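J.: After the structure tokens below, expect a handful of questions from me.
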Amino acid sequence: MKFIYRRLLLFVPTLLVLSFIVFLMLEVTPGSAATAILDDAASDEAAALLCAQLRCDQPLVMRYIGYLSDVLRGDFGVSIRSGREVISELLLRLPPTLIVSSGAIILALIAGGLIGSLAAVRHGTRLDIIITLFTSIGASMPTFWVALLLVSLFAVRLRWFPVFGMGDGLAPYVLPILAVSLALVPGLTVLIRSTVLEVRQQAFVSTAFGKGLSRERVYLHHILRVAAIPIVTYVGMQAVHLIGTLVTIEVLFSLPGLGGLAVQAALDRDPMLLQGSVLTIAAITLTILLAVDMAVMLLDPRIIRTAE
Amino acid sequence: MASRIALRQQRYQSTATVFFPLPALRSVSLRLKVAVGLLLLIGLAAFVLPNLTPCDPAAINPSERMLPPSHEHPLGTDMFGRDMFSRVMYGARPTFEVAIGAVLIGAVPGVALGLVAGSKRSLFDQIFTQVVDAWIALPGVLVALVLAAAMGRSLFVLALALGISSIPLFYRVIRAETMRISSEPYVEAATSLGADRKAILLRHVFPNVAPSLLSLVTISIGRMLLATSALSFIGLGAPPPSPEWGSLLAEGRAYMETSWWLIWYPGVAIALTTFAIFLFGNALRDHHGCSA
Amino acid sequence: MINKRWLLLAALLMSLLSLSAAAAQDGNTVTMIVTRDPVSLDPQTTVDPGAPILLAYIYDTLVYQTPTGEVLPSLAEGWTVADDNLSITFTLKPGIVFSDGAPLTADAVVYTFERLQSVGQRALIYSEVSNIIGFEKIDDRTVTFTLGRPSATLLSALTYPYAGILNPSAVEAAGDSYGQHPVGTGSFMLESWVSESEMTFVPNPHYAGHRPWADPSVGSNVERLRVRFSTDESARVNALMADEADIVYLASGSQLDRIGEGYTVLKSPARALVYVGFNTGRAPFDNAEARRAIEQAINKDDILALAVSGLGEVVNSPLPPTIFGFDETLDGEGMGYDPEAAQQRLADSGVVIDRPLTILTSTFPTFEAIGVILQAQLAAQGISAEISVLDFSTVTEVALAGEYDMLITRFDWNDPDVLWRYLSTDNLGNTNRYFYSNAALDALLAEGRQTFDQNARMAVYGEAQRLIMEDTPLVPLYMPLTLVVVSDRVQNVDLLHSHVVLENANVQP
């Protein structure tokens, strides 16, 4: 348990480092952010007002400390474009991102699990070869390209799902979830296939079969449980990749999520909003990584033992 | 603590490279042959064909807009009447430039830092591992977004953004490998005999890291290809009229419902090339016998 | 037991799939897709360039502008200008009521402009309105504005929705959240607003049929206007094709080939000009002959046809036909496309272009395409150029720093005073990003700002345009069109500037 606490504690400095990297990144952006959004006809007073808000006149370190202490108090500043608190914009955009990312992970686990197990069970047959071939091709295709084709087929031509990534119920999320999950499915399928194959060779599985348990029962209760460790690790490792894909997919589906917000904030040169959204997205990624670490430790106590 | 990290990173390394086995082609040498053959074919199309067929990929032709594939234009023409065949051919070069450039930008510092950090437990190692833990949470898309806003759109910015965000990957893998190799008896023996640390790194550790580095680099090039096209798609790609494949997709996107060839062929080019590279990296790994 | 689980899973998947896209076209609802959520419908503080399209449903202005640039009464019945041109008196139409039931009075007008002066620093018309130094309520329907200096440009500024008349009690009651609870005298009022997702408007029960561009005897059966957002043009048209929307805005011609039977394309010439500005502050374009040579080398018809699918009108004079001061004869005197003459002119000028030129432009739709065509046309002249595409604010910074040779951009304004804004010495380092300074032009542009007689004003701007055309600090390319596609489900829809007029619309439920 001590180890888990330490891991949790380490999360704080990691977040700090992250916030500084994000802050520095935006610092390299030339020019005064205050001139960014203001139109040709805007007055000097308006620019001065914005400048004060952004602490234009202070040195870098002071600005960072100021920003950090504001953030710690839950104040992410004000969006130049909307005039709203950045925190409220972030909260507004959080649900679609969470729905799509968690939906995609779940879908990818189900699909990858089913297909991968199927390939392992039918190891060496023609079905196995076809599945492996398809996953290899799938891993080589740009996700957003596949998403474009999905929209064209299922939304524009067949009209099964709305074109728009918003609206009533869960229907608008189906295509985005499907698209994002495609970033994970090929890798998971291959991983699950090889893990299941490996585990099947081991003694306790043969014992289970020997006890006369049904095939499905052995797979679900014995094999998949052991296979869960590399699978969870893989999902964690792919978290960054997943979030990157999510940004693209949100833009593609006009989803009002955090990724779309970050892209729009960058285009608008809305510094506080960009900072806030990049930081939030990165923090979500970090949290996924942390959660995965925790999950692996719970699944495999040996790791904690070696650590202590 | 260290062993925990080592364990995690070993797993990481294996999962990062595991996901592309092709049991259909069980023989490693056959896989290698197929991959090399495909890559040669692509290289031929990318670097030799454009020199043989001197048709300008940027030449606009108002009277030949949006022509479907035909004898004269095997891949059709785009909204400016430009020949898609020559655009896709010419597009290979900038596409590879970005992918390879990004891997170099990521691999050189990543490997150097990983070697240093992995060979000796030090304050540097602890601090940098912390930084990398944070760094890894920054998706390349976001880095590109910020950099493009600052430096404008160019192939270099694309490569830089993707490279910067892949430093942690190289760092982690190489650090874990270095730690593993450093604890081998012969390296420990060399250390106890008082050999220079630098010499040990270069003579003993690096050569042993090289094989896994090679397959990691190869697979990274494939991933960069995919990432580049995604960035181009959200408007961060090469400035026009570059025929970089991702830009071709981004341009053709608006017309995809009426002119399918604008989006099919560049997409197929990306997928095929990535496939060949992945296959190559996969076969390379198995060839060196470090199967996951 | 296992079988049950599989069944459950299958059922779950099926239920997800069956949540298909039942288009939400209930009753007499019209769905429109615009680019972005305007965030605020407070006309005085909103910064979204797309906001005016929606503001116009809620607010009325004292005066409005016809498609040909004429200023006519709207909420005001009429107005009189004092002889010294230093005051203007508006008389309001009788019987006008805000959507919350409060009557429109002169107090509301005074309140509106006083508030604009205190909070509207970001409004496009701020500088014009800050020239008003006094407001005087004569009676409930009459109000007089006193001006600091004579201004011939005030009236056209007042036609923008930013000058929409507010209801003082509604503004005070809503406080900081007024932008989300707007109240006006327009034909619609805001019903609900889910941020970044959708807005709905319903007809204003108190609307008295006073909008001069609509026919009050026809009316409309639209019961609800639903507004959704997408910055992606193909997604907007996809939604239209899937019957998820009835009205969508287009930004380029790229989607036009998809629009066939069952849809109407509305076009309205924009009060805007797309042009190429030169950096006159450095070689080679500090030389007027070099600039003129480039103008001759540019094939505007090709640019229009390829980059915007022909959606616009080639213009040769600095003012497009939609802005007062446009002169057809002047427009006919353009240089015209003549690549050989261009080559000769460049050679005669003695200017040698020995480095790749920088074509600077922003991510605005179609600009990138224009850059590509322009680059190809220059290449035909043996001139190499690089295209640099940056976001709008960076373009402004880079241009002000002088790090470009040619700038592809556009202006949007409703008064010839726009020439002063972009080409006068007064605006160097601000909105004049061409390093262009011409004393003769400055004098003319200053005169135009204070000339009230329409014929005299026309003459002044005619002269100014002639000067600009001779010196060529910019090459006018074309006047863009505002494009809207409407499903045939909705009839009698009109386009006034960029605003979709629904006062007479008829929708099939």
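Rundown of residues vs (1) aromatic (Phe, Trp, Tyr); (2) open to solvent by less than 30 Å² (accessible area, probe 1.4 Å); (3) in contact with a Pro (Cβ under 8 Å, 6 or more places away or on another chain), yes/no style:
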position: C:PRO43; (1), (2), (3): no, yes, yes
position: C:PRO49; (1), (2), (3): no, no, no
position: C:THR66; (1), (2), (3): no, yes, no
position: C:LEU72; (1), (2), (3): no, no, yes
position: C:LEU75; (1), (2), (3): no, yes, no
position: C:VAL81; (1), (2), (3): no, no, no
position: C:PRO94; (1), (2), (3): no, no, no
position: C:VAL97; (1), (2), (3): no, no, yes
position: C:ASP100; (1), (2), (3): no, no, no
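J.: When you go through (1) at positive phi; (2) not in a loop (DSSP other than H, G, I, E, B) one by one for C:SER309, which number turns out not to apply?
T.: Going through (1) at positive phi; (2) not in a loop (DSSP other than H, G, I, E, B) one by one, C:SER309 breaks only (2).
J.: Open to solvent by less than 10 Å² (accessible area, probe 1.4 Å), among the hydrophobic types (A, V, I, L, M, F, W, C) and assigned by TED's automatic domain parsing to the domain that holds C:ALA305, is that true of C:VAL418?
T.: Judged against the criteria, C:VAL418 is a match.
J.: Do the conditions hold for C:GLU386, that is, is it touching a strand residue (DSSP E or B) at 6+ places or on another chain (Cβ under 8 Å) and open to solvent by less than 60 Å² (accessible area, probe 1.4 Å)? If you could, list the steps in order and put the result at the bottom.
T.: Values: touching a strand residue (DSSP E or B) at 6+ places or on another chain (Cβ under 8 Å): yes; open to solvent by less than 60 Å² (accessible area, probe 1.4 Å): no.
It is false that C:GLU386 is touching a strand residue (DSSP E or B) at 6+ places or on another chain (Cβ under 8 Å) and open to solvent by less than 60 Å² (accessible area, probe 1.4 Å).
Table: residues versus (1) modelled with pLDDT of 90 or more; (2) assigned to a helix (DSSP H, G or I).
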| residue | (1), (2) |
| --- | --- |
| C:SER317 | yes, no |
| C:PRO321 | yes, no |
| C:GLY325 | yes, no |
| C:ARG355 | yes, no |
| C:VAL372 | yes, yes |
| C:GLN377 | yes, yes |
| C:ILE387 | yes, no |
| C:SER393 | no, yes |
| C:VAL398 | no, yes |
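J.: Of all the residues that make up region C:197-208, how many are assigned to a loop (DSSP other than H, G, I, E, B) and either open to solvent by 30 Å² or more (accessible area, probe 1.4 Å) or basic (Lys, Arg) (or both)?
T.: The number of residues fulfilling the criteria is 4.
J.: Given the condition outside any helix (DSSP H, G or I), at the interface with another protein chain (Cβ under 9 Å from one of its Cβ atoms) and at pLDDT below 85, answer yes or no: does some residue in region B:66-81 qualify?
T.: Taking region B:66-81 and keeping what is outside any helix (DSSP H, G or I), we get B:66-81.
Those still in the list that are at the interface with another protein chain (Cβ under 9 Å from one of its Cβ atoms) too: B:66, B:79-81.
If we keep only those that are at pLDDT below 85 too, we end up with none.
No, region B:66-81 contains no residue that is outside any helix (DSSP H, G or I), at the interface with another protein chain (Cβ under 9 Å from one of its Cβ atoms) and at pLDDT below 85.
J.: Looking for something open to solvent by less than 20 Å² (accessible area, probe 1.4 Å) and under 30 Å from B:ALA148 (Cβ atoms) - is there at least one such residue anywhere in region C:440-454?
T.: No: zero hits.
J.: Which members of region C:102-144 meet the condition of being free of Cβ contacts under 8 Å to residues at least 12 places away in the same chain, outside any loop (DSSP other than H, G, I, E, B) and within 14 Å of another protein chain (Cβ to nearest Cβ)?
T.: C:SER118, C:TYR126, C:SER127 - these are the residues of region C:102-144 that are free of Cβ contacts under 8 Å to residues at least 12 places away in the same chain, outside any loop (DSSP other than H, G, I, E, B) and within 14 Å of another protein chain (Cβ to nearest Cβ).
J.: Moving to a separate point now. Filter region A:233-257 for residues that are of a type outside the set (Val, Ile, Thr), in a helix (DSSP H, G or I) and more than 10 Å from A:PRO176 (Cβ to Cβ) and give the result. It would help to see each step written out before you state the result.
T.: Going residue by residue through region A:233-257, those that are of a type outside the set (Val, Ile, Thr) are A:234, A:236-239, A:241-242, A:244, A:246, A:250, A:252-257.
Within this subset, residues satisfying the condition of being in a helix (DSSP H, G or I) are A:234, A:236-237, A:239, A:241-242, A:244, A:246, A:250, A:252.
Those that are of a type outside the set (Val, Ile, Thr), in a helix (DSSP H, G or I) and more than 10 Å from A:PRO176 (Cβ to Cβ): A:TYR234, A:GLY236, A:MET237, A:ALA239, A:HIS241, A:LEU242, A:GLY244.
J.: Is there any pair linking a residue in region C:386-404 that is in contact (Cβ under 8 Å) with a residue 24 or more places away in the chain to one that is small (Gly, Ala, Ser), with Cβ under 6 Å and at least six apart or on different chains, and which?
T.: Hits for this filter: C:ILE387/C:GLY371; C:SER388/B:GLY152; C:LEU390/B:GLY152; C:PHE392/C:SER362; C:VAL395/C:SER362; C:GLY402/C:GLY281.
J.: Within the set of pairs 6 or more residues apart or between chains, which connect a residue that is within 10 Å of chain B (Cβ to nearest Cβ) inside region A:119-134 to a residue that is basic (Lys, Arg) and part of a loop (DSSP other than H, G, I, E, B) with Cβ atoms less than 6 Å apart?
T.: A:ASP128/A:ARG122
J.: Given the structure, is A:THR97 more than 20 Å from A:SER254 (Cα to Cα), within 14 Å of chain B (Cβ to nearest Cβ) and surrounded by 15 or more Cβ atoms within 10 Å (Cβ to Cβ)?
T.: Numbers: more than 20 Å from A:SER254 (Cα to Cα): no; within 14 Å of chain B (Cβ to nearest Cβ): yes; surrounded by 15 or more Cβ atoms within 10 Å (Cβ to Cβ): yes.
It is false that A:THR97 is more than 20 Å from A:SER254 (Cα to Cα), within 14 Å of chain B (Cβ to nearest Cβ) and surrounded by 15 or more Cβ atoms within 10 Å (Cβ to Cβ).
J.: Can I ask one more? How many residues are farther than 22 Å from C:GLU191 by Cβ and either away from chain A (no Cβ under 14 Å) or outside any loop (DSSP other than H, G, I, E, B) (or both) if we restrict to region C:209-237?
T.: 11
J.: Then there is this: Whether any residue in region C:332-341 is assigned by TED's automatic domain parsing to the domain that holds C:ARG457, in contact (Cβ under 8 Å) with a residue 40 or more places away in the chain and surrounded by 22 or more Cβ atoms within 10 Å (Cβ to Cβ) is what I want to check.
T.: Taking region C:332-341 as the starting set, the residues that turn out to be assigned by TED's automatic domain parsing to the domain that holds C:ARG457 are C:332-341.
Checking the rest, the ones that are also in contact (Cβ under 8 Å) with a residue 40 or more places away in the chain come to C:333-339, C:341.
Keeping just the survivors that are surrounded by 22 or more Cβ atoms within 10 Å (Cβ to Cβ) gives none.
There is no residue in region C:332-341 that is assigned by TED's automatic domain parsing to the domain that holds C:ARG457, in contact (Cβ under 8 Å) with a residue 40 or more places away in the chain and surrounded by 22 or more Cβ atoms within 10 Å (Cβ to Cβ).
J.: Test of understanding: among C:PHE392, C:PHE367, which residue is over 16 Å from C:VAL308 (Cα atoms) and touching a strand residue (DSSP E or B) at 6+ places or on another chain (Cβ under 8 Å)?
T.: Every option except C:PHE392 fails the conditions.
J.: Taking region B:116-131 on its own, how many of its residues are crowded, with 21+ Cβ neighbours inside 10 Å and of a type in the set (A, V, I, L, M)?
T.: The qualifying residues number 1.
J.: Determine if region C:125-143 includes at least one residue that is modelled with pLDDT under 95, in the same structural domain as C:ALA51 (by TED's automatic domain parsing) and under 17 Å from the mean Cα position of the chain (by Cα).
T.: yes
J.: Among the residues in region B:271-279, are any open to solvent by less than 40 Å² (accessible area, probe 1.4 Å) and either more than 11 Å from chain A (Cβ to nearest Cβ) or not in a helix (DSSP H, G or I) (or both)?
T.: Our first condition is that a residue be open to solvent by less than 40 Å² (accessible area, probe 1.4 Å); within region B:271-279, this holds for B:271, B:273-279.
The next check asks that each one be either more than 11 Å from chain A (Cβ to nearest Cβ) or not in a helix (DSSP H, G or I) (or both); those that pass are none.
No - not one qualifying residue is present in region B:271-279.
J.: Kindly indicate whether C:TYR275 is open to solvent by 20 Å² or more (accessible area, probe 1.4 Å) and of a type in the set (Phe, Trp, Tyr). Show your work before the answer.
T.: Working: open to solvent by 20 Å² or more (accessible area, probe 1.4 Å): no; of a type in the set (Phe, Trp, Tyr): yes.
So C:TYR275 does not fit the description; no.
J.: Which condition breaks for A:LEU184 when tested against (1) within 14 Å of chain B (Cβ to nearest Cβ); (2) in contact (Cβ under 8 Å) with a residue 12 or more places away in the chain; (3) over 19 Å from the mean Cα position of the chain (by Cα)?
T.: So A:LEU184 meets the others, but not (3).
J.: List the pairs whose first member sits in region C:145-171 and is closer than 13 Å to C:PHE452 by Cβ and open to solvent by 20 Å² or more (accessible area, probe 1.4 Å), whose second member is small (Gly, Ala, Ser) and not in a helix (DSSP H, G or I), and whose Cβ atoms are under 9 Å apart, counting only residues at least 6 apart or on separate chains?
T.: Short answer, once both residue conditions are applied: none.
J.: Does region C:389-401 include one or more residues that are away from chain A (no Cβ under 14 Å), touching a helix residue (DSSP H, G or I) at 6+ places or on another chain (Cβ under 7 Å), open to solvent by less than 20 Å² (accessible area, probe 1.4 Å) and aliphatic (A, V, I, L, M)?
T.: Step one: filter region C:389-401 for residues away from chain A (no Cβ under 14 Å), giving none.
No, region C:389-401 contains no residue that is away from chain A (no Cβ under 14 Å), touching a helix residue (DSSP H, G or I) at 6+ places or on another chain (Cβ under 7 Å), open to solvent by less than 20 Å² (accessible area, probe 1.4 Å) and aliphatic (A, V, I, L, M).
J.: A further question follows. Within region C:240-259, work out how many residues are within 14 Å of chain B (Cβ to nearest Cβ) and more than 16 Å from C:LEU483 (Cα to Cα).
T.: Residues that pass the stated criteria total 2.
J.: Restricting attention to region B:246-263, which residues are facing chain A (nearest Cβ under 9 Å), part of a helix (DSSP H, G or I) and open to solvent by 10 Å² or more (accessible area, probe 1.4 Å)?
T.: Matches in region B:246-263: B:ARG253 only.
J.: Please state which of the following conditions B:LEU39 fails to meet, knowing it meets all the rest: (1) of a type outside the set (Val, Ile, Thr); (2) surrounded by fewer than 20 Cβ atoms within 10 Å (Cβ to Cβ); (3) part of a loop (DSSP other than H, G, I, E, B).
T.: Answer for B:LEU39: the failing condition is (3).
J.: Looking at A:GLY77 and the list (1) more than 8 Å from every other protein chain (Cβ to nearest Cβ); (2) crowded, with 16+ Cβ neighbours inside 10 Å; (3) more than 28 Å from C:ARG36 (Cβ to Cβ), which single condition is not satisfied?
T.: Looking at each condition in turn, A:GLY77 falls short on (3).
The values are calculated or read from the model by the stated rules, or taken from the named source; none is laboratory data. Note that the structure is a prediction, hence the values are computed from the model and not measured. Cβ sites come from the backbone with ideal geometry, for glycine too, and all protein chains shown count toward neighbours. Each accessible area value is taken on the protein alone, full model and side chains, heavy atoms only, with ligands, DNA and RNA left out. Shrake-Rupley method; radii C 1.70, N 1.55, O 1.52, S 1.80 Å.
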